[in-house]
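Enquirer: I have a structure I would like to understand better, so I am pasting it below and will then ask my questions one at a time.
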Amino acid sequence: MARYETGFDQARQLLRSRSDRAAYGLLALTLVAAPWVLPNYYIGEATFILIMCVASLGLMMLTGFTGQTSLGQSAFVGIGAYVHVVLLTNGMPFPVSLLLAAAGAGIAGLLVGMPAIRVSGLHLAMVTMAFAIVTEHVLGRWKSVTAGHSGLPVPDPAIFGFSLGGPRPFYFVCLVVLVLALLLLVNLMRSATGRAFIGIRDSEAAAQGLGIDVARTKVIAFSLSAGISGLAGALLAHQMQHITPEAFGLALSLQLVLMVFIGGLGSLRGAILGAVLIGLLPSFISALKDALPTRVGAQFGLELFVYGAVLTFFVLLEPGGLNARWVRIRKVLGEFPWVRTSSIHRTKVYMKSERYR
């Protein structure tokens, strides 16, 4: 049954119906109860997925909502990780170090965004990829700060003398950070700044005609996206326990791009769904390797095959990503048993090519 808004207060509500409140309440209960019933290994896997959700949200704001292609998001994750570890090693409190790590990555995004907004599309992707490569080399050669390729050990997080280094406490830290980041972005996308992001993505010429400062808005998007990615990097450092420059290479950037694309461009829910799927793939691949003969698993290139198969499936059969599939399933369930054909078949989406010059 379709729901109609009769006031501005309804439009501002995060959860607009009783079913939404029940579903998200059940999800919250599941997330809180999970670390109390799962073994430590699975708690660690769930924590890693939560961290990837935060990083995916950062890239979604830049690529999915603003339309700026970035292949260098791993650089901001790495900057956030190293800033956090250096500050934490020198006695900075854990919460303050997290915020400063996000701020440091945000400043790096600001410095990259100011010259990068002069290009778009493939050229922008190449610029950001070059920045990621340069950042990895700088982290590897700046031995006085980063210890080079030997890496840095990561101190256990602590608040007011209470250690948060165990699997269960750190899981809840990552869960709280994810919820706060999600609420921040939900409210941001409802603000004038968020609507300016979407306007630039859809048509830079129209946005310019409506009085939106396109260059300034793009730089803001770069900085905010980098800051959220830096926050994810600070959490990822604790998950890894020992950071090296190689951990923040192009492979991480490509994983984040897959999360955003597979989840569904222009959807915060899609960013989380894509992060969950890509985060679970390594475990699935390991289980598949154990089921296959050793020679086949080693020589076949199973990782690349699985990632390629997943990407091909979504490109050909579900370009709207996991979020689009979820929206259709939810619509079918809402109309059951009087399901219309339009609820099952997806509508065509045409790419917008108009760009401001």
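The values are calculated or read from the model by the stated rules, or taken from the named source; none is laboratory data. None of these values were measured; they are calculated from a predicted model. Note: ideal-geometry Cβ built from the backbone for every residue, glycine included; neighbour counts use all protein chains shown. The protein model used for the area step is the full one, side chains on, heavy atoms only, and it has no ligands, DNA or RNA in it. Shrake-Rupley method; radii C 1.70, N 1.55, O 1.52, S 1.80 Å.
Enquirer: Among the residues that make up the range 261-269, is at least one of them at pLDDT 80 or above, of a type in the set (Ser, Thr, Tyr) and surrounded by 19 or more Cβ atoms within 10 Å (Cβ to Cβ)?
Expert: Checked the range 261-269: at least one residue is at pLDDT 80 or above, of a type in the set (Ser, Thr, Tyr) and surrounded by 19 or more Cβ atoms within 10 Å (Cβ to Cβ).
Rundown of residues vs (1) more than 17 Å from Val83 (Cα to Cα); (2) part of a helix (DSSP H, G or I), yes/no style:
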{"residue": "Gly165", "(1), (2)": "yes, no"}
{"residue": "Phe170", "(1), (2)": "yes, yes"}
{"residue": "Val177", "(1), (2)": "yes, yes"}
{"residue": "Gly199", "(1), (2)": "yes, yes"}
{"residue": "Ala205", "(1), (2)": "yes, yes"}
{"residue": "Arg216", "(1), (2)": "yes, yes"}
{"residue": "Gly230", "(1), (2)": "no, yes"}
{"residue": "Gly233", "(1), (2)": "no, yes"}
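Enquirer: Restricting the search to the range 51-82, which residues are open to solvent by 10 Å² or more (accessible area, probe 1.4 Å) and of a type outside the set (Ser, Thr, Tyr)?
Expert: Correct list: Phe65, Gly67, Leu71, Ile79.
Enquirer: Need pairs with beta-carbon distance below 7 Å; first residue more than 11 Å from Ile43 (Cα to Cα) and within the range 165-180, second in a helix (DSSP H, G or I) and open to solvent by 20 Å² or more (accessible area, probe 1.4 Å); sequence gap 6+ or separate chains.
Expert: Listed pairs, sorted by first residue: Leu175/Leu31; Val177/Leu231.
Results for (1) buried (at least 16 other Cβ atoms within 10 Å of the Cβ); (2) more than 18 Å from Ala102 (Cα to Cα), shown as yes or no for each residue.
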{"residue": "Thr135", "(1), (2)": "yes, no"}
{"residue": "Leu139", "(1), (2)": "yes, no"}
{"residue": "Trp142", "(1), (2)": "no, yes"}
{"residue": "Ala147", "(1), (2)": "yes, yes"}
{"residue": "Gly151", "(1), (2)": "yes, yes"}
{"residue": "Pro157", "(1), (2)": "yes, no"}
{"residue": "Phe160", "(1), (2)": "no, yes"}
{"residue": "Leu164", "(1), (2)": "yes, yes"}
{"residue": "Val176", "(1), (2)": "no, no"}
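Enquirer: Ala251 is checked against (1) surrounded by 20 or more Cβ atoms within 10 Å (Cβ to Cβ); (2) assigned to a helix (DSSP H, G or I) and fails just one. What number does that condition carry?
Expert: Only one criterion in (1) surrounded by 20 or more Cβ atoms within 10 Å (Cβ to Cβ); (2) assigned to a helix (DSSP H, G or I) is unmet by Ala251, namely (1).
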